[in-house]
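Have a look at the structure below before the remarks.
The values are calculated or read from the model by the stated rules, or taken from the named source; none is laboratory data. Remember, it's a predicted structure, so these values are computed and weren't measured experimentally. Neighbour counts are summed over all protein chains in view; Cβ atoms, including those assigned to glycine, are modelled from backbone coordinates with ideal geometry. Quick note on the areas: whole protein, heavy atoms, side chains included, nothing else; ligands and nucleic acids left out. Shrake-Rupley method; radii C 1.70, N 1.55, O 1.52, S 1.80 Å.
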Amino acid sequence: VSNVFSVPELEEVKTLLSSSKKIIITTHRSPDGDAIGSSLALCHYLVSKGHDAKVVVPDSYPKFLQWMPGNDGVLVYDYHKEISERKIEAADIIFSLDYNGLGRIMDLAKPVAAAKGTKIIIDHHQQPEDFADYTFSDTDSCSTAQLVYEFIEALGDADAINADMANCLYVGIMTDTGSFRFPSTLSKTHRIVASLIDCGAKNSQIHEWVYDTNTLSQLQLLGYALSNKLELLEEYNVAIISLTQEELIRFSFKKGDTEGLVNYALSIDGVRVAAFFAEKDGLVRISFRSKGAFSVNQFARKHFNGGGHDRAAGGASEKSIAETLTEFKGLLVQYKQELTS
Ligand SMILES: [Mn+2]
């Protein structure tokens, strides 16, 4: 069990959960596999313990994450503002999963901040903000899903993990470890995943349901991005891909279509840092990846109003995409030593 749960505070949370409660589980904007997987798994667990639990997410998420058990019960704040606000206000407990600051949940931040329920963070992003009553943060953990598994285990309920929970947790761990390949994948992670399979996680099917769901236009967008928009900045060991709004529209872009695109840039031999820039409605969103010691979390925090993990982070710019690219390339000069030594 992760040390974050070997604390006296866990006993307080255990006591809190010993009688039936109204519980809301929230997660970050543009939810990914770990966000949805960990949230739904925790929701299944809490419902199985007799609580009234519900997941509220800031905005919608791609179709390849919508097959998970419990998906139909998720409230998307963008579409269900009123009912979400009523439930958040009435909640005894609000969980914050897979995010480290209220800025990560957009408009949902206001009702969550105002809510009087006990707030509990379970997360693995760096530098968590102090907005909850209980913060269970382990920045070395591969995923929030793994932490949710260990949370349930620490509560003494490992035996309560059923197939629904196992399938959701598997998605979270699988997606946040890049299918068990990132350095955050420990032997412990494999042991947890093995027990999830024993509990009924359909491991092979899950890979198919999450990864083999490309549309034709999505693959054509990938082909276009790789042939025309991939730029190797050899002197810095950096590769970038950028897509304008016009290009995204041309390939009928839907949410999730560019998921993982940045990893193609990172996969070039010798590249240490990759960045993907996408323009939408006057904002350029940036995904950073690193496969060395270079912390893209720190870089994104310092220069692009973002953050995340050392090897995977996000950021944004309100400048045009051309200006953002110029700014990014200009910044590399001061990091040349670090990127090439
Ligand atoms: Mn995560």
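Running a GNM on the chain with Cα contacts under 10 Å, which residue among S39, S48, S252 ends up with the highest mean-square fluctuation?
Checking each option, the largest mean-square fluctuation is seen for S252.
Expressed in whole Å with the largest first, what are the equivalent ellipsoid semi-axes of the stretch 251-341 derived from the C-alpha gyration tensor as the square root of 5 times each eigenvalue?
Over the Cα atoms of the stretch 251-341, the semi-axes work out to 21, 16, 12 Å.
Given a 1.4 Å probe and every protein chain left where it sits, what share in percent of the accessible area of the chain is carbon and sulfur?
Working: 7350 of 15310 Å².
On the chain, the fraction of accessible area on carbon and sulfur atoms equals 48 percent.
Given 10 °C and 1.306 mPa s, compute D for the stretch 80-214 with the Stokes-Einstein relation, Rh being the Kirkwood radius over Cα pairs; round to the nearest whole µm²/s. If you can, show how the numbers build up before the last one.
On the way: Rh = 16.1 Å.
Estimated diffusion coefficient is 98 µm²/s.
How would you classify the stretch 116-188 from its alpha-carbon gyration tensor, with a ≥ b ≥ c the square roots of the eigenvalues: rounded for a/c under 1.5, else prolate if a/b is greater than b/c, otherwise oblate? Could the numbers behind the result be given before it?
Numbers: a/c = 2.11, a/b = 1.20, b/c = 1.76.
In terms of gyration-tensor shape, oblate.
Step through the residues of the stretch 41-58 one at a time and calculate ³J(HN,Hα) from phi using the Karplus curve (6.51 cos²θ - 1.76 cosθ + 1.60, θ = phi - 60°), rounding each to whole Hz and writing x for Gly and Pro.
4, 4, 4, 4, 4, 5, 5, 5, 8, x, 8, 9, 10, 8, 9, 10, 10, x
Please go through the stretch 60-137 and write out the GluC sites (Glu not before Pro) that DSSP classes as loop and that have at most 16 other C-beta atoms within 10 Å.
Numbers: sites: E82, E85, E89, E129; in loops: E129.
Answer by residue number: E129.
Using just the alpha carbons, could you tell me how many Å³ per residue the convex hull of the stretch 177-296 encloses? Before the final figure, lay out each step's value.
Details: hull volume 16.0 nm³, N = 120.
Taking the convex hull of the Cα positions in the stretch 177-296, it is 134 Å³ per residue.
Around S290, what is the net charge, scoring Lys/Arg as +1 and Asp/Glu as -1 over all other residues with Cβ under 13 Å from its Cβ?
Local net charge: +2.
For a quick protection proxy, order the peptides 270-282, 107-119 by their average other-Cβ count within 10 Å, most packed first.
Peptide ranking by packing, descending: 270-282, 107-119.
Mind listing the phi-derived Karplus ³J(HN,Hα) values for the stretch 64-72, rounded to whole Hz, using 6.51, -1.76 and 1.60 with θ = phi - 60°, and x for any glycine or proline?
Running phi through 6.51 cos²θ - 1.76 cosθ + 1.60 with θ = phi - 60° gives 5, 10, 8, 8, 5, x, x, 4, 5 Hz.
Could you tell me which chymotrypsin sites (Phe, Trp or Tyr not before Pro) in the stretch 1-110 are loop residues by DSSP with no more than 14 other beta carbons within 10 angstrom of their beta carbon?
Numbers: sites: F5, Y45, F64, W67, Y77, Y79, F95, Y99; in loops: W67, Y77, Y79, Y99.
Passing sites in the stretch 1-110 are W67, Y79.
If you line up the long axis of helix 144-154 against the longest principal axis of the chain, both from Cα atoms, how many degrees apart are they, to the nearest 10?
The answer is roughly 20 degrees.
What share of all Cα pairs of the chain, in percent, falls into each consecutive 10 Å distance bin?
Computed distribution, short to long bins: 5, 26, 33, 24, 10, 1, 0.
I want the local charge near F5. Using Cβ-Cβ distances under 11 Å, sum +1 for each Lys or Arg and -1 for each Asp or Glu among the other residues.
-4
Run through the stretch 165-262 and list the trypsin sites (Lys or Arg not before Pro) located in a DSSP loop whose Cβ has at most 10 other Cβ atoms within 10 Å.
Within the stretch 165-262, the qualifying trypsin sites (Lys or Arg not before Pro) (loop, at most 10 other Cβ atoms within 10 Å) are R181.
What are the semi-axes of the equivalent ellipsoid for the stretch 1-143, taken as the square roots of 5 times the Cα gyration tensor eigenvalues, largest first, in whole Å? Intermediate values should be presented prior to the final figure.
On the way: eigenvalues 86, 61, 49 Å².
Its equivalent ellipsoid spans semi-axes of 21, 17, 16 Å.
Any idea of the accessible area per residue across the chain, 1.4 Å probe, to the nearest Å²? If you can, show how the numbers build up before the last one.
Details: 15310 Å² over 341 residues.
On a per-residue basis, 45 Å².
What does the net charge come to around M165 if you take all other residues with beta carbon closer than 14 Å to its beta carbon, with K and R at +1 and D and E at -1?
The answer is -4.
If you average 1/r over every pair of different alpha-carbon atoms in the stretch 220-287 and take one over that average, what Kirkwood value in Å do you get? Before the final figure, lay out the partial values.
Numbers: mean 1/r = 0.0823 Å⁻¹.
One decimal place: 12.1 Å for the Kirkwood radius.
In whole Hz, with x marking every Gly and Pro, tabulate ³J(HN,Hα) for the stretch 155-165 from phi via Karplus 6.51 cos²θ - 1.76 cosθ + 1.60, θ = phi - 60°.
3J(HN,Hα) across the stretch 155-165, in whole Hz: 6, x, 10, 3, 5, 7, 6, 9, 4, 4, 4.
For the chain, what is the mean residue ellipticity at 222 nm derived from helices alone (per DSSP H run of n ≥ 4: -39500 (n - 2.57); sum divided by total residues; nearest 500 deg cm²/dmol)? Can you show the working numbers first?
On the way: 13 runs with 140 residues, N = 341.
Rounded to the nearest 500, the figure is -12500 deg cm²/dmol.
Return the single residue from S30, S84, S267 with maximal mean-square fluctuation; model: Gaussian network over the chain, springs between Cα atoms under 10 Å.
Answer for the Gaussian network model of the chain: S267.
Per the Debye formula with a single identical scatterer at each Cα and no solvent contribution, what log10 I(q)/I(0) holds for the stretch 187-239 at q = 0.17, 0.28, 0.30 Å⁻¹?
-0.74, -1.05, -1.11
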